[in-house]
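Everything on this sheet refers to the single structure shown next.
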Amino acid sequence: MTIASREYWQERARTLKIEGRAFIHGDYCSSVSAETFDCVSPIDGRVLARVASCAENDAERAVRDARATFDSGAWSRMAPVARKAILLRLATLMEENAEELALLECLDMGKPISDALAVDVPAAVRAIRWSAEAIDKIYDEVASTAHDELGLVTREAIGVVAAIVPWNFPLLMACWKLGPALGSGNSVILKPSEKSPLTAIRLARLADEAGLPSGVLNVLPGYGHTVGKALALHMDVDCLVFTGSTRVAKQLMIHAGESNMKRVWLEAGGKSPNIVFADAPDLQAAAQAAAAAIAYNQGEVCTAGSRLLVERSILDSFVPMVVEALAQWRPGHPLDPQTNVGAMVDRQQLDTVLAYIESGCSQGARLRLGGQRVLEETGGLFIEPTLFDQVENSMRIAREEIFGPVLSVIAFDDAEEAVRIANDTPYGLAAAIWTSNLSRAHLTAKALRAGSVWINQYDGGDMTAPFGGFKQSGNGRDKSLHAFDKYTELKATWIKL
Ligand code: NAD
């Protein structure tokens, strides 16, 4: 049995020991109420674990502990080089346990094992390692002052950080927050999505093994309206970082305003335009990328290229190329390393996506590919990648974030119209442009109201570049040194010499 076989992963899944408890002050524990919820795999409906259903009193306990740990200085005042060493050890431990982490991610949220292993886990490791490496290379500032004064501009850890994350890239989204949040010396309470809590719970033990002092990283699984809300409203949480839907993001801003004006940083939804001009350098590559941009991770990607804007003169030749490319993305068993489309995360998400497909048909878009639930006999939640053309940007499938593998093709006549349609959305997370014309590439990139713009590719980037949205896609940025700004307060110290 090799790692490239489904049998290998099925056998590993069969013998996997799954932890479902919360993690507070360096150890696993039940929720105060002892309540649990079933963590169900979307692959076959199997209950993977009973997971602690944390609520307000668990938040209370974790925040108290995180505050005491922060105030003790055990982590917050540790030399940066020592914090760096611990986080680097965590990255190494994640690598050593990569197969287990990938397997948990696959079983828990339904993504293909090959993606979890090749993308999610290595990217999460890189997020921790990159942030760790940065810790002792970030300098503070000395202000320009009169001769007899000294002005220091320093960054200080903010205190207790609550990180609320979604289910589509559970470990990776957590690590984008944890790297700079822990790196800056904060104590963190991580609340994973109730739909995918398992890797966060496992990560807590690895952090402990790496030498993170008890109380620095706590993990509270549970529902958004219980423990998530309690953290958002807590008077002793200094900073709330969030990745998830725009709807919940807005609610969190209200909760911050209703409580202690905690800093709130939001990474929210998207409806990203992928603009293909007739002079694209390689239309075949553009078609392949357009398919991947909507099918990868079952379309459950904040930056999914869900609106494909195509110059009208190539519509008839280009759309069939995309249909052909998208047809290569076929739902299959997520534990099979050959599978490139896994299961939708849960029944609710499956129904939401099917309802959007229905709405596309009833609003007059033309269904060119897919549109059906498949493999129902497996007990799993699978949908065929789906393509609509003749879509108007006013239709629901073009305006609302579907978060599934449903692509809308919209025609445009010139660059001005492309930009107008692209920007006609409440979101502003990402966009892509395909053209050979250098000036048009730059001018269009400048005109697009989006946090990431890709030219002649889709979804490029690295830890070296900030990631986040304009407009209702959020504020603040994950990744890069800019991410550290969210987890620190600026202090000016002015000294009379
Ligand atoms: P969601 O907003 O439903 O949930 C996100 C998290 O918030 C979960 O942990 C949930 O339990 C919690 N939550 C829900 N209600 C809450 C409340 N009232 N108070 C506090 N916490 C609450 O989002 P989701 O369905 O898990 O994830 C999908 C969304 O995430 C999509 O909109 C997607 O675009 C977005 N996303 C954005 C990025 C980005 O970087 N911009 C990345 C990945 C996903």
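Being surrounded by fewer than 22 Cβ atoms within 10 Å (Cβ to Cβ) and in contact with a strand residue (DSSP E or B) (Cβ under 6 Å, 6 or more places away or on another chain) holds for only one residue in Met235, Met261, Met253, and it is Met253.
Within region 223-235, residues that are under 18 Å from Arg67 (Cα atoms) have Cβ atoms under 6 Å from residues that are small (Gly, Ala, Ser) in these pairs: Val227/Ala55; Val227/Ala59; Ala230/Ala59; Leu231/Ala59; Leu231/Ala162; Leu233/Ser259; Met235/Ser259, counting only partners at least 6 apart in sequence or on another chain. For region 427-442, which positions are exposed (fewer than 15 other Cβ atoms within 10 Å of the Cβ) and within 29 Å of Leu266 (Cα to Cα)? Once the filter is applied, which keeps residues that are exposed (fewer than 15 other Cβ atoms within 10 Å of the Cβ) and within 29 Å of Leu266 (Cα to Cα), region 427-442 yields only His442. Out of (1) surrounded by fewer than 20 Cβ atoms within 10 Å (Cβ to Cβ); (2) of a type outside the set (Phe, Trp, Tyr); (3) in a helix (DSSP H, G or I), what's the single condition that is false for Gly371? The single condition Gly371 does not satisfy is (3).
If the condition is being more than 10 Å from the ligand (Cβ to nearest atom) and either more than 11 Å from the chain's Cα centre (by Cα) or assigned to a loop (DSSP other than H, G, I, E, B) (or both), then region 163-189 contributes Leu178, Gly179, Pro180, Ala181, Leu182, Gly183, Ser184, Gly185, Asn186, Ser187, Val188, Ile189.
Could you pull out the residue among Asp424, Asp389 that is farther than 30 Å from Asp346 by Cβ, of a type outside the set (Gly, Ala, Ser) and surrounded by fewer than 24 Cβ atoms within 10 Å (Cβ to Cβ)?
Numbers: Asp389 fails: farther than 30 Å from Asp346 by Cβ.
Testing whether each residue is farther than 30 Å from Asp346 by Cβ, of a type outside the set (Gly, Ala, Ser) and surrounded by fewer than 24 Cβ atoms within 10 Å (Cβ to Cβ) leaves just Asp424.
Every condition in (1) surrounded by fewer than 16 Cβ atoms within 10 Å (Cβ to Cβ); (2) assigned to a helix (DSSP H, G or I); (3) in contact with a helix residue (DSSP H, G or I) (Cβ under 7 Å, 6 or more places away or on another chain) is met by Glu11 except one, and the failing one is (3). In this structure, is Ala207 farther than 14 Å from Ile164 by Cα and either at pLDDT 95 or above or within 8 Å of the ligand (Cβ to nearest atom) (or both)? The answer is yes for Ala207. Please go through region 288-320 and pick out each residue that is farther than 24 Å from Gly342 by Cα and among the hydrophobic types (A, V, I, L, M, F, W, C). Result: Leu309, Val310, Ile314, Leu315, Phe318, Val319. Against the numbered list (1) more than 22 Å from Phe484 (Cβ to Cβ); (2) in contact with a helix residue (DSSP H, G or I) (Cβ under 7 Å, 6 or more places away or on another chain), Ser245 comes up short only at (2).
Being in the same structural domain as Asp238 (by TED's automatic domain parsing), within 16 Å of the ligand (Cβ to nearest atom) and in contact with a Pro (Cβ under 9 Å, 6 or more places away or on another chain) is a property that Asp136 lacks.
Quick grid of which residues meet (1) at pLDDT below 95; (2) in a helix (DSSP H, G or I); (3) surrounded by fewer than 16 Cβ atoms within 10 Å (Cβ to Cβ):
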position	(1), (2), (3)
Cys54	no, no, no
Ala59	no, yes, no
Val63	no, yes, no
Lys84	no, yes, no
Leu103	no, yes, no
Ala146	no, no, yes
Glu156	no, no, yes
Val161	no, no, no
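Applying the set (1) in contact with a helix residue (DSSP H, G or I) (Cβ under 9 Å, 6 or more places away or on another chain); (2) within 17 Å of Leu90 (Cα to Cα); (3) among the hydrophobic types (A, V, I, L, M, F, W, C) to Val160 leaves exactly one unmet item: (2).
The values are calculated or read from the model by the stated rules, or taken from the named source; none is laboratory data. Bear in mind that the values here come from a model prediction, so they are computed numbers and not experimental data. In this analysis, Cβ positions are derived from the backbone assuming ideal geometry, glycine residues included, and neighbour counts consider all displayed protein chains.
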